[in-house]
Amino acid sequence: MWFELRKEDLGFAGRAPVVHVSEAEVAAPRPQVFAAFTEPGCWRHWFPNVRAASYTSPPPYGVGTIRAAHVGGTYWMEEMIAWEESARWAWTVTHASVPFAKAQVEAFEFMDAGGETRVRWTLALEPRLLARLATPFAPGIVSRLFRRATHNLGVYLQDNSPDGRAAAG
């Protein structure tokens, strides 16, 4: 069963009832980190609980592209709302297999950080009951999840580079 979510734009982060922002650094240059984020097939190797992800839209990929993701035991359909090379990438969730939110936007910003990449993840949502129940714990959970994911990504990029330097795989 699918639950439909209201499509939103990047401005939703400024008006959403719940917004979580986390930042972490990835031990790799910004273009390589951005490439890994926008390659859905590699998410399962570094983002916890992602079992599979893929674009369902034909290339070229950009704003308007649809991505399907299987995370833990849940399924998500996402429409890209920002795709600025090596700078910003974001989606609005259009459908989910769980009644988590009425609207949800996730945005990632990529910044140089002395040979590494600082990534800011903004998770904005209008929660349904399921998400409201987790509200007191969400900031810590989101922050730990993102730190783990970005650490895993740095290791993944290092391990999958032919010359031992970080590269998207």
How tilted is helix 138-159 with respect to the longest principal axis of the chain? Cα atoms for both, answer in degrees (0 to 90, nearest 10). 30 degrees
What's the whole-number percent of alpha carbon pairs in the chain lying beyond 25 angstrom? 28 percent
Please work out the FRET efficiency for the pair residue 74 and residue 144, using the Cβ-Cβ distance as r and a Förster radius of 22 Å; give the result to the nearest 0.05. 0.70
Let me know the shape class of segment 38-117, please: from the alpha-carbon gyration tensor, a ≥ b ≥ c as square roots of the eigenvalues, rounded when a/c is under 1.5, otherwise prolate if a/b is greater than b/c, or oblate. prolate
If you plug each phi of segment 98-115 into the Karplus form 6.51 cos²θ - 1.76 cosθ + 1.60 with θ = phi - 60°, what whole-Hz ³J(HN,Hα) values come out, in order, with x for Gly and Pro? 10, x, 7, 8, 8, 8, 8, 10, 10, 10, 10, 10, 10, 9, 5, 9, x, x
Stretched out fully, how many nm does the piece from residue 95 to residue 129 gain, at 0.36 nm a residue minus the Cα gap? 10.6 nm
Taking r as the C-beta separation of residue 9 and residue 159 and R0 as 35 Å, the FRET efficiency to the nearest 0.05 is 0.45
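Here, each number is a calculation from the coordinates, and none is a lab measurement. Here the structure is a predicted model, which means the values were calculated and not measured. Glycine gets a Cβ as well: all are built from the backbone with ideal geometry, and neighbour counts include every protein chain shown.
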